[in-house]
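J.: Quick one: structure below, then a few questions.
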Amino acid sequence: MRINCPHCGTRDRREFTWSGADVALNRPAPDAGEAAWDDYVHLRENPAGASRELWYHDPCGTFALVERDTVTHLVGDAVLAEKVAR
Amino acid sequence: MARLIAKSPLAGLVPVEVGGLTLSEVETGPVTSVAPFKGKQTAVSKALKAAVGLGMPKVGRMDRKGEARALWVGRGRALVMGAALPDLEGAAQTDQTGANAVLRVEGPAVEAVLARLVPLDLRATAFPVGQTARTMVAHMMASVTRVGDAAFEVMVMRSMAQTLVHDIGGAAKAVAARDLV
Ligand SMILES: [Zn+2]
């Protein structure tokens with residue numbers, strides 16, 4: 001499995017650490033209410049199919065938002081997490 | 001005051017010849033990590049150029065000017081080696097002298113040996129002289145830089161020095177053994 005680091009190029013999976021779904025990019029507003037914060041802190045999807053995940057390229061220090069299909073293991077586009085509109 | 005004896009990261013481990021490769025230590029001189037603050041990349045690069053004749057290196061590059069070298073080591077960060085730096089306005093600077101071991105690996109089989117340890121295409125067509133990558137060597141995070149047709153520099157944290165020499169030595173012996181059968 002190879003993942004595109006948007007900073008330094010396509011690399012072997014062993015260079016990356018998986019950081020789960022892209023939850024951290026969707027933090028609710030401070031006053032969003034208990035339900036939204038409960039969802040953000042505790043509840044996770046377990047998708048079969050297309051997913052958006054954060055991967056950390058350990059050697060260069062870059063977080064990437066990576067599209068990956070959990071059924072086919074197809075790895076798609078990757079963009080700098082920093083550049084993702086929030 | 002205590003009198004301390006400076007010991008280089010690879011002291012006692014190299015120089016050594018193994019499997020047709022020569023392993024030796026690169027004396028880096030002073031090493032400074034330079035990380036420009038947000039929006040200060042251009043200004044810091046200019047200040048660095050004025051100080052040592054080298055700007056911030058591009059992604060995947062190691063640049064040289066005389067004794068000074070500027071090595072890209074990750075997002076928004078470079079190591080400047082071989083020259084002491086003044087304070088650069090707009091950058092986080094930390095002294096990293098002696099923090100890393102830099103091993104020069106040289107010999108005709110160097111690509112074949114590193115291919116066993118590094119998950120990258122290091123052939124000259126894909127990875128020319130001056131190119132560097134942040135990657136893995138065996139299980140160690142490292143900077144791998146091509147410095148010649150048959151020579152690379154591999155930089156790891158100082159604490160990994162012995163493991164690095166061991167792993168590269170082992171791979172070199174295994175590659176050399178293929179010629180015996
Ligand atoms: Zn990277």
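Read-outs: derived from the displayed coordinates by stated rules, not from any lab. This one's a predicted model, so the numbers in the text were calculated from it and none came from an experiment. All Cβ positions, glycine included, derive from the backbone under ideal geometry; neighbour counts span all protein chains shown.
J.: Counting other Cβ atoms within 10 Å, keep those with at most 16, restrict to DSSP loop, and tell me which trypsin sites (Lys or Arg not before Pro) in segment B:98-181 are left.
T.: B:Arg116, B:Arg123, B:Arg178
J.: Still on this model: For segment A:1-83, run through the trypsin sites (Lys or Arg not before Pro) and keep only the ones in DSSP coil with at most 15 other Cβ atoms within 10 Å of their Cβ.
T.: Here the sparse-neighbourhood loop sites are A:Arg44.
J.: Ok, one more. Which aspartates and glutamates, if any, have their Cα less than 17 Å from the Cα of B:Lys173, not counting same-chain residues under 8 positions apart?
T.: Result set, ordered by chain and number: B:Glu17, B:Glu106, B:Glu111.
J.: Something else about it: Provide the net charge surrounding B:Arg64, with neighbours chosen by a C-beta distance below 15 Å and charges set as Lys +1, Arg +1, Asp -1, Glu -1.
T.: That works out to +3.
J.: While we're here: Express the relative contact order of chain A as a whole percentage, based on alpha carbon pairs under 8 Å and six or more residues apart in sequence.
T.: The value is 31 percent.
J.: Here is a further query. In vacuo Debye scattering of chain A, one point per C-alpha: log10 I(q)/I(0) at q = 0.11, 0.16, 0.23 Å⁻¹?
T.: -0.33, -0.65, -1.11
J.: Between A:Ala21 and B:Lys58, what FRET efficiency comes out of the Förster formula 1/(1 + (r/R0)^6) with R0 = 35 Å and r the beta carbon distance, rounded to 0.05?
T.: Once rounded, the FRET efficiency stands at 0.60.
J.: So, one more: Taking 0.36 nm per intervening residue step and subtracting the Cα-Cα distance, what contour gain separates A:His42 from A:Asp12 on full extension?
T.: 7.7 nm
J.: For A:Asp31 and A:Val71, FRET efficiency with R0 = 35 Å and r from the beta-carbon atoms, rounded to 0.05?
T.: Efficiency, rounded to the nearest 0.05: 0.40.
J.: Compute the Rg/Rh shape ratio of segment B:31-95: radius of gyration over Kirkwood radius, all on alpha-carbon atoms.
T.: Computed over Cα atoms, the ratio is 0.90.
J.: If you average over every viewing direction, what projected area does the convex hull of the Cα atoms of the protein assembly as shown give, in nm²?
T.: 19.9 nm²
J.: Continuing with this model, one more query. On a straight-distance basis, which lysines could pair with A:Lys83 in a cross-link, Cα separation under 27 angstrom, same-chain partners fewer than 8 positions away excluded?
T.: B:Lys38, B:Lys40, B:Lys46, B:Lys58
J.: Here is a further query. Cut-off is 10 Å between beta-carbons; in what order do A:His73, A:His7, A:His57, B:His166 appear when sorted fewest neighbours first?
T.: Taking fewest neighbouring Cβ atoms as first place, the list is A:His73, B:His166, A:His7, A:His57.
J.: Give a quick list of GluC sites (Glu not before Pro) in segment A:28-82 that DSSP marks as loop, anything other than H, G, I, E or B, with at most 13 other Cβ atoms within 10 Å.
T.: A:Glu45
J.: Given labels modelled 7 Å from the Cα in the Cβ direction, how far is it in nm from B:Ala51 to A:Arg2?
T.: 3.8 nm
J.: Go ahead and estimate [θ] at 222 nm for chain A from helices alone: -39,500 (n - 2.57) per DSSP H run with n ≥ 4, summed, over the residue count, rounded to 500.
T.: -3000 deg cm²/dmol
J.: If we count every other residue with Cβ under 12 angstrom of A:Ala64's Cβ, Lys/Arg +1 and Asp/Glu -1, where does the sum land?
T.: Once all neighbours under 12 Å are counted, the net charge is -2.
J.: Then there is this: Between the alpha-carbon centers of segment B:117-181 and segment A:1-29, tell me the distance in whole angstrom.
T.: Centre-to-centre distance over Cα atoms comes out at 25 Å.
J.: Using only the alpha-carbon atoms, what does chain B span along each of its principal axes? Please give whole angstrom values in decreasing order.
T.: 59, 49, 28
J.: Further, regarding this structure: Can you compute the modelled spin-label distance between B:Phe37 and B:Lys173, with each label point 7 Å from Cα toward Cβ, in nm?
T.: It works out to 5.2 nm between the two label points.
J.: Using just the helices of chain B, give the 222 nm mean residue ellipticity in deg cm²/dmol: DSSP H runs with n ≥ 4 each add -39,500 (n - 2.57), and the total is spread over all residues, rounded to 500.
T.: Calculated mean residue ellipticity at 222 nm is -6000 deg cm²/dmol.
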